[in-house]
Amino acid sequence: MEPRIEASQSRGEGGFALLAVLGFMLLFAMVLMPFAAASRVKALSTSYEYDRTRLGYAAEALNGYLAWRLGDDARWRQQAEQGEFLSLDCLIDHAAARISIVPHARLINLNTAEEPLLREGFQNAGLSGHDAQTIASLVMQFRSPRVTDGETATGVAAGLKHAPFEDLSELHDFDRLLDISVIELGRVFSVNSGRAILSKSIESLGPSLNYTIETVLFDRDSSAGDAAIFLAGNEGRRSKRIASIDIDAKPERPLRARGCEAVLGHDVVQLLGEVLT
C-alpha cells in the first residue's frame, strides 16, 4: 500500500508544480503583453513616419522639377498660364499624385487690390456678401499705415500691423477666415503679384512671375505633400522657391486618374516609380 501512497503524493506534487509553472507563465505574459503591444505600435508608427517622410521629400523634389520646367519650357508654361494644371490627378504605378499649379496673374493681390475686387475674392473663397464686405474693409485697414493727428504713426502707436501683407497666413488674423485653409485662400489671393482692379481682365495681365505649386503623393495608406510659392525662371534666372505653405488639410486619394507621363514625362515618372516602390 505504501508505494501507492508515494505515487499519489508524487502525482499531487507534480500537478502543483505544473499549476505553478502555468501560473508563472500567465503572470509573465501579463507583464510582457503591454511591452509587446507598445513595441508593435512603435514599429507601425516608425514605418508610418518613414513613409510620410519619404513621400514628403519626393513631393518637394517633384515641385522643384515643376518649377524648373516652368522656366525652361515655354509651351508647358503657357499651358499652366491657361489653367490646365490647376487640378491634376495622375498615377505612378501603384502610387498616385495630386498636383496643382496656380499662376499668380490669375489671383488677387492682397496688397494692391481695390476694395470691390477684394470683396469679390472673399465671396469666391466662400464668405457671404456681408462678411466678404466686412473682411475686405478690414484688409484695407490692415495693410494701410495708421494716421494719428495728421501724421503717420510708427512703432506701438501704429497698431498690430498696418503694413503690407507678407504671407497669406496673416489672413487667419481675421476670425471669419479661420475655417478656410491657407491653401484654399492661395487659390484666390497672392501677396506677391496678381490683379488689383476689378474691371481688368485676366487675359490682359500677361504671364505670371510667381506660381503656387502643390503636390501630394499617396502610397498605400500613407500620404504626404509639399506646397510652395516659386519665382519662375527665365533665360537669365533660375526658378526659386520663395515661400513654403503648410498643407493643413489632408486631401482624399484620387480614385480615377490617368498616367502621369502626359504631364511629367516618361523619365521623371520612371524615376518617381523607383523612389516610391
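The values are calculated or read from the model by the stated rules, or taken from the named source; none is laboratory data. Bear in mind the structure is a predicted one, so any value in this text is a computation, not a measurement. FYI the Cβ positions are ideal-geometry reconstructions off the backbone, even for glycines, and counts take in every protein chain you see.
In contact with a Lys or Arg (Cβ under 6 Å, 6 or more places away or on another chain) and more than 13 Å from residue 59 (Cβ to Cβ) - does that describe any residue in the stretch 223-242? Taking every residue of the stretch 223-242 in turn, at least one turns out to be in contact with a Lys or Arg (Cβ under 6 Å, 6 or more places away or on another chain) and more than 13 Å from residue 59 (Cβ to Cβ).
Of the residues making up the stretch 72-87, those that are on the phi < 0 side of the Ramachandran plot and surrounded by fewer than 19 Cβ atoms within 10 Å (Cβ to Cβ) are 72, 73, 74, 75, 76, 78, 79, 82, 84, 86, 87.
Residues in the stretch 64-119 that are within 17 Å of the chain's Cα centre (by Cα) and of a type in the set (Ser, Thr, Tyr) were compared, and the one that is farthest from residue 189 (Cα to Cα) is 87. Residue count for the stretch 128-144 satisfying the condition of being touching a residue at least 40 places away in the same chain (Cβ under 8 Å) and within 22 Å of residue 192 (Cβ to Cβ): 1.
Rundown of residues vs (1) exposed (fewer than 10 other Cβ atoms within 10 Å of the Cβ); (2) at pLDDT 90 or above, yes/no style:
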residue	(1), (2)
21	no, no
25	no, no
34	yes, no
50	no, no
65	no, yes
68	no, yes
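In summary, no strands (runs of 3 or more DSSP E) completely within the stretch 209-263 bear 2 or more residues that are under 12 Å from the mean Cα position of the chain (by Cα), crowded, with 18+ Cβ neighbours inside 10 Å and modelled with pLDDT under 90.
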